[in-house]
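Trainee: Mind looking over this structure? Questions follow.
The values are calculated or read from the model by the stated rules, or taken from the named source; none is laboratory data. Just so it is clear, the model here is predicted, and its values are computed rather than measured. Neighbour counts run over all protein chains shown; Cβ positions are idealised from the backbone, glycine included.
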Amino acid sequence: MDHEITLTNIVARALEFPKDPSIPGPAKDLISQLLVKDPARRLGSTLGASAIKHHPFFHGVNWALLRCTTPPFVPPSFVRDLVSDENCPEDTPVDYY
């Protein structure tokens, strides 16, 4: 997809959620507030992370004990050999987005 079209969509179009799968109201509200285009009005812009932590989507999350819980999924260890760019010549063009 053309990057200019993507940027135009981000800047100009309103946020739309798909009809299927259904997204629960608190999740929609959290996403909508985090993606407000005006940074001064975005969730967390004035009260920081505490505003986000107190959003209804996170109701029931004990933030103080969160680090003590076992995650449902632990990704495999990072293997430098698989992602190393040491073998690439320095003049190899790289697009950064």
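Trainee: If I go through the range 1-10 residue by residue, how many of them are among the acidic types (Asp, Glu) and not in a loop (DSSP other than H, G, I, E, B)? Let's see the steps before the verdict.
Mentor: Kept after step one, since they are among the acidic types (Asp, Glu), are these residues of the range 1-10: 2, 4.
Among the residues that remain, those that are also not in a loop (DSSP other than H, G, I, E, B) are: 4.
The total comes to 1.
Trainee: Report those helices (runs of 4 or more DSSP H) wholly inside the range 11-97 carrying at least 1 residues which are at pLDDT below 90. Talk me through it step by step, then tell me what you get.
Mentor: Numbers: elements: 25-34, 49-53, 80-83.
Once the helices (runs of 4 or more DSSP H) in the range 11-97 are filtered for at least 1 residues that are at pLDDT below 90, what remains is 80-83.
Trainee: Can you pull out every residue in the range 3-34 that is closer than 22 Å to ILE52 by Cα, among the charged types (D, E, K, R) and surrounded by fewer than 11 Cβ atoms within 10 Å (Cβ to Cβ)?
Mentor: GLU16
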